[in-house]
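Student: Below is the structure I would like to discuss, written out as structure tokens.
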Amino acid sequence: MKTIIKITAFASFLLSSAAGFNSCNDDKEINLNVTPVKQLYEPTDGKSVELESSASAALYFEWEAAKAEDGGMVLYEVAFDRENGDFSNPVYRMASENNGGRNYLTITHKQLNKIAGMIGIGPAETGKLKWTVFSSKGVNEVKAEVARTLEIKRLQGFDEIPVDLYIAGEASEGGATLADAPLFKMVNPGEFEIYTQLTAGKTFYFVDGKTGDARRFYADGVVLKENETGISEIAITGVYKIEVDFNTGGVAY
């Protein structure tokens, strides 16, 4: 009889503890609901932006802060879509500053150029895209109540970017022999650089291979162009750092 009483008492204790634990869990249930963003501040609706190749060129985005029902931190993502899109499947999304924790974001012109290309705007062309903001606690995201458009003039970039890039021509260290053309270093996708000597009064150009069917590029001032007979020159003999950016269509010495 004593054994039965002890087991019964222990079972009652377990049931009581479980009930208390469940009650505790109910009291501390996590609320993941947030409100949608109600206003977009910057950039203004319909703003026209001519993109620049400078690394410092950027566009500032800002919106009204959303609220979390538990009073905690809200996370944000800026979403981009085609002009007639509804953001059910955005073309591109980017977390705001501080890993999504701020109600603002600065996007470089180079990043905007990439996004515009994904939407279907061609190099050097002008087109429109739409943007809005999603707010969440990491899940249960909600779309802002408003959206805005941007008119973008893309940089003179290239849709088909070489894997390798060489500098060739009589002005280059490899001379007129294509097989001796020095190789650029790829520093980022579509971005190449090289330190090399160039000779004044002679010509050079860039190629994506060392065979006869290689694509050929040249610098027209600071603009990168593709032409099978294009050539470039420099005024002073010396060692140069040359930067070629196929994303923006730019060349810098």
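Student: Just subtract the alpha-carbon distance of N89 and A65 from 0.36 nm times their residue separation and send over the number in nm, one decimal. Let's see the in-between values first.
Tutor: Details: separation 24, 0.36 × 24 = 8.64 nm, distance 2.32 nm.
Taking 0.36 nm per residue and subtracting the Cα distance, the gain is 6.3 nm.
Student: Rounded to the nearest 10 Å², what accessible area does S232 show when all protein chains are kept and the probe is 1.4 Å?
Tutor: Accessible area, nearest 10 Å²: 0 Å².
Student: Nearest 10 degrees, 0 to 90: what angle lies between the long axis of helix 2-27 and the longest principal axis of the chain (Cα atoms)?
Tutor: Relative to the chain, helix 2-27 is tipped by roughly 50 degrees.
Student: To the nearest 0.05, what FRET efficiency results for E97 and K210 with a Förster distance of 41 Å applied to their C-beta separation? Numbers along the way, then the final one.
Tutor: Details: r = 45 Å, r/R0 = 1.09.
After rounding to 0.05, the efficiency reads 0.40.
Student: Now for a separate question. Using the Karplus curve 6.51 cos²θ - 1.76 cosθ + 1.60 with θ = phi - 60°, work out ³J(HN,Hα) for each residue of the range 231-237 in order, rounded to whole Hz, and write x for Gly and Pro.
Tutor: Those phi angles translate into 9, 10, 9, 10, 8, 10, 5 Hz.
Student: How much length is gained if the chain between A55 and V222 is pulled fully straight, taking 0.36 nm per residue apart and subtracting their Cα-Cα distance, in nm to one decimal?
Tutor: On the way: separation 167, 0.36 × 167 = 60.12 nm, distance 1.44 nm.
Difference between extended and current length: 58.7 nm.
Student: I need the Debye-formula profile for the range 166-253: one equal scatterer per C-alpha, no solvent, reported as log10 I(q)/I(0) at q = 0.17, 0.21 1/Å, two decimals.
Tutor: -0.62, -0.99
Student: Nearest 500 deg cm²/dmol is fine: what mean residue ellipticity at 222 nm does the chain get from its DSSP H runs of n ≥ 4 alone, each adding -39,500 (n - 2.57), divided by its residue count? Working shown, then result.
Tutor: Details: 3 runs with 41 residues, N = 253.
Only helices count here, giving -5000 deg cm²/dmol.
Student: Could you give me the percent of Cα pairs per 10 Å distance bin for the range 46-191, shortest bin first, beginning at zero and ending with the bin that holds the maximum distance?
Tutor: 10, 32, 27, 16, 9, 5, 1, 0
Student: Further, regarding this structure: Between 0 and 90 degrees, rounded to the nearest ten: what's the tilt of helix 109-119 against the longest Cα principal axis of the chain?
Tutor: 80 degrees
Student: If we count every other residue with Cβ under 14 angstrom of G175's Cβ, Lys/Arg +1 and Asp/Glu -1, where does the sum land? Working shown, then result.
Tutor: On the way: positive: K202, K210; negative: E170, E173, D180.
Around G175, the charge tally is -1.
Student: Okay, moving on. Using every pair of alpha-carbon atoms in the chain, split the distances into 10 Å bins beginning at 0 and state the percent of pairs per bin, rounded to integers.
Tutor: P(r) for the chain, in whole percents per bin: 7, 23, 20, 15, 13, 9, 5, 4, 3, 1, 0, 0.
Student: Using a 1.4 Å probe over the heavy atoms of the protein chains, calculate the carbon and sulfur portion of the accessible area of the range 107-253 as a whole percent. All intermediate terms of the calculation are to be shown ahead of the outcome.
Tutor: Numbers: 3300 of 7040 Å².
Answer for the range 107-253 is 47 percent, counting heavy atoms of protein chains only.
Student: Roll a 1.4 Å probe over the protein chains and send me the accessible area per residue for the chain in Å².
Tutor: Values: 14210 Å² over 253 residues.
For the chain, the per-residue accessible area is 56 Å².
Student: Okay, moving on. Take the alpha-carbon centre of the range 69-134, take the same for the range 209-253, and report the distance between them in whole Å.
Tutor: Answer, in whole Å: 32.
Student: Can I ask one more? What residues qualify as long-range amide H neighbours of Y240, i.e. H under 5 Å apart, gap of 5 or more or another chain, H built at 1.01 Å from N?
Tutor: Placed amide hydrogens put T196, Q197, L198 under 5 Å from Y240.
Student: Read phi for every residue in the range 35-40 and hand back ³J(HN,Hα) as whole Hz from Karplus 6.51 cos²θ - 1.76 cosθ + 1.60, θ = phi - 60°, with x for Gly and Pro.
Tutor: Result, ordered by residue: 8, x, 5, 9, 9, 10 Hz.
Student: Pop the C-beta distance of V142 and D45 into the FRET formula with R0 = 22 Å and round what comes out to the nearest 0.05.
Tutor: Details: r = 21 Å, r/R0 = 0.94.
Result of the calculation: an efficiency of 0.60.
Student: Now a separate question. Quote to one decimal, in nm, the extra length available between T149 and I161 on full extension: 0.36 nm per residue of separation minus the C-alpha distance between them.
Tutor: Working: separation 12, 0.36 × 12 = 4.32 nm, distance 2.85 nm.
So the extension gain works out to 1.5 nm.
Student: Right, another one. Using a 1.4 Å probe over the heavy atoms of the protein chains, calculate the carbon and sulfur portion of the accessible area of the range 40-84 as a whole percent. Mind dumping the intermediate values first?
Tutor: On the way: 1040 of 2510 Å².
Ligands and nucleic acids excluded, carbon and sulfur reach 41 percent.
Student: With r as the distance between the Cβ atoms of M73 and K38 and R0 = 22 Å, compute the FRET efficiency 1/(1 + (r/R0)^6) and round to 0.05. Could you put the intermediate results ahead of the total?
Tutor: Numbers: r = 18 Å, r/R0 = 0.83.
About 0.75, to the nearest 0.05.
The values are calculated or read from the model by the stated rules, or taken from the named source; none is laboratory data. These figures come from a predicted structure and were not determined experimentally. Cβ coordinates were reconstructed from backbone atoms using ideal geometry, including for glycine residues, and neighbour counts include every protein chain displayed. Surface areas here come from the heavy atoms of the whole protein model, side chains and all, with no ligands, DNA or RNA. Shrake-Rupley method; radii C 1.70, N 1.55, O 1.52, S 1.80 Å.
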